[in-house]
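No value in this document is a laboratory result; all are computed from the given coordinates. Since we're looking at a predicted model, the values are computed, not measured. Quick reminder, even Gly has a Cβ in these numbers, built from the backbone with ideal geometry, and neighbours come from all protein chains shown.
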Ligand SMILES: NC(=O)c1ccc[n+]([C@@H]2O[C@H](COP(=O)([O-])OP(=O)(O)OC[C@H]3O[C@@H](n4cnc5c(N)ncnc54)[C@H](O)[C@@H]3O)[C@@H](O)[C@H]2O)c1
């Protein structure tokens, strides 16, 4: 199979490299990219000529301020931008000299492919919508071990998807479910999957808020019991209260879905409620830091949206930081690879109150690579107070105090 990629960014390049383990893969990006296994072409024409399948992995950006790293629930709902996908489709129309199978893997809201893209593509080509359940930091692993593979076509006829399923089979390591549907159904499965996660995290963090208000409650006792209630309340993932839902996909998807709810006049906006709760939960955490600072500087351990990735897009750390600053306080971050250097410091020089936002075990524990013992990005000065929203750090320590945020049990 001859495979091509338009867009070799954070998603496209890693996915193209996994495919290159089994197939010949050519890629094209408007920015210079390099790869040991993907043949990076200098023109779109070269890539298209060498490909029967063309995967489109270009960005579908949200507008400035709509990623969830600062409050947005008060702002006018907005759809994602579609210009890059439209450019990619025009590229295929312009350069393809024979019918191609076009597979869009970028995230779009339900209804977008039918409304905006399909009519643009020359009719000899097939158009499939095939979004991925992939997270940054583990793109290659997630690609080969997906919970499901969603493939959508105009009518949802499963026979139209057999070739793509065959293409995927040798690449998958976990024999995943293949779900077929219309474009609109697959757009919905992908984006509402993210909403379920945002809602789940919002609910467990709500229990955390109640634990703080009521007292004598360890939020983990409550959520662990709920997590094991598999008769009615799903599985245990995203059932640890802590930092809020974050990253390049989930917050912005829900923020954009506010636009969809309005566009289709659904009559209510659950996304606004979920994202509004996320913001108030961040504010509660910020208030807690300010209240317990007792004159100490406030530091957030981890600025990117999760450990070991540089991306500060959709970061809950910066959302908490925003609310700390609303108190008129300054906030510093320690994060050696954060792509936004504002207020990032290399070390903490005096006793501080530190929010332990990044914890590898919580984020990547499912890959089996981490234990609960985690490390810090820098030395922790004596006399500091660490607010651990994951309740993972040992409390017995003669150097600094550890507060397990969300555990108000007295014994
Ligand atoms: N990054 C992830 O882990 C992830 C996971 C699931 C879904 N997604 C979705 O995948 C899409 C891409 O995300 P990303 O994070 O890779 O974005 P990105 O910005 O990192 O990559 C997009 C790439 O497309 C290139 N590009 C844009 N227009 C082009 C054109 N006309 N021709 C060739 N190349 C072009 C850009 O130069 C860039 O390298 C988005 O819709 C995103 O929501 C991303």
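Inspection of segment 294-302 identifies no residue that is assigned to a helix (DSSP H, G or I) and crowded, with 24+ Cβ neighbours inside 10 Å. Taken as a whole, the structure places residue 361 among residues that are without any contact (Cβ under 8 Å) to a residue 40 or more places away in the chain and either within 23 Å of the chain's Cα centre (by Cα) or part of a loop (DSSP other than H, G, I, E, B) (or both).
For segment 106-189, the strands (runs of 3 or more DSSP E) that sit wholly inside it and include 3 or more residues that are more than 27 Å from residue 78 (Cβ to Cβ) are 148-153, 177-182. Can residue 47 be described as within 13 Å of the ligand (Cβ to nearest atom), within 30 Å of residue 321 (Cα to Cα) and out of contact with any helix residue (DSSP H, G or I) (no Cβ under 8 Å at 6 or more places or on another chain)? Considered against the rule, which asks whether it is within 13 Å of the ligand (Cβ to nearest atom), within 30 Å of residue 321 (Cα to Cα) and out of contact with any helix residue (DSSP H, G or I) (no Cβ under 8 Å at 6 or more places or on another chain), residue 47 comes out as no. Checked against the criterion of being without any contact (Cβ under 8 Å) to a residue 24 or more places away in the chain and surrounded by fewer than 16 Cβ atoms within 10 Å (Cβ to Cβ), segment 40-60 has at least one qualifying residue.
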